[in-house]
Amino acid sequence: MAGRVVHFEIPFEDGERARGFYREVFGWKADTMPGMDYTMVASGPTAETGMPSEPGYINGGMLAKEFSPASGPVIVLDVDSVDDTLAVIEKQGGATLVGRTAVGDMGFSAYFKDTEGNVMGLWETA
């Protein structure tokens with residue numbers, strides 16, 4: 001189902017400090033992605049694929065504030081087509097901040113600003 005929340009992103013100033021904070025406070029697993037300046041975060045149990053193994057929670061990521069299109073956390077929504085969704089967003093008064101971007105061979109991401117000024121993300125699975 002398109003439009004469901006599938007991911008979150010938390011920007012940080014100090015990666016080690018942020019990973020340690022969420023690890024110690026919430027027990028999250030945080031794995032840095034080599035060559036991507038990105039940390040994958042598991043907020044609950046995961047399968048071998050890295051996807052949640054139980055219903056009821058989502059995983060996310062952390063990235064340096066300098067690479068984030070937002071100053072605060074971002075909610076990421078699943079869509080069938082990033083390009084088609086960005087076109088509807090713009091027609092409805094939103095704005096594209098970062099267009100369709102490949103994320104390895106996993107899929108495509110994008111960021112937009114809604115009509116209220118909130119920065120949100122889109123995810124299209126490859």
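The values are calculated or read from the model by the stated rules, or taken from the named source; none is laboratory data. This structure is a prediction, so every number in the text was calculated from the model and none was measured. Glycine also receives a Cβ, built like all others from the backbone with ideal geometry; neighbour counts cover every protein chain displayed.
What the table shows:
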| read-out | value |
| --- | --- |
| Filtered residue count, the stretch 2-35, keeping only those that are closer than 21 Å to residue 111 by Cα and touching a residue at least 24 places away in the same chain (Cβ under 8 Å) | 12 |
| Filter result for residue 88 (more than 16 Å from residue 2 (Cα to Cα) and either assigned to a loop (DSSP other than H, G, I, E, B) or among the β-branched types (Val, Ile, Thr) (or both)) | no |
| Any hit, the stretch 41-64, residues being at pLDDT 95 or above and on the phi > 0 side of the Ramachandran plot | no |
| Residue in the stretch 1-54 that is nearest to residue 66 (Cα to Cα), counting only those that are in contact with a Ser or Thr (Cβ under 6 Å, 6 or more places away or on another chain), surrounded by 11 or more Cβ atoms within 10 Å (Cβ to Cβ) and hydrophobic (A, V, I, L, M, F, W, C) | 30 |
| Conditions (1) of a type outside the set (Ser, Thr, Tyr); (2) assigned to a helix (DSSP H, G or I); (3) under 19 Å from residue 40 (Cβ atoms); number of the one not met by residue 108 | (2) |
| Pairs where the first residue, in the stretch 76-105, is under 21 Å from residue 41 (Cβ atoms) and the second is hydroxyl-bearing (Ser, Thr, Tyr), C-beta under 8 Å, 6+ apart | 76/109; 78/125; 98/109; 98/111; 101/109; 103/109 |
| Residue in the stretch 67-80 that is small (Gly, Ala, Ser) and more than 21 Å from residue 10 (Cα to Cα) present | no |
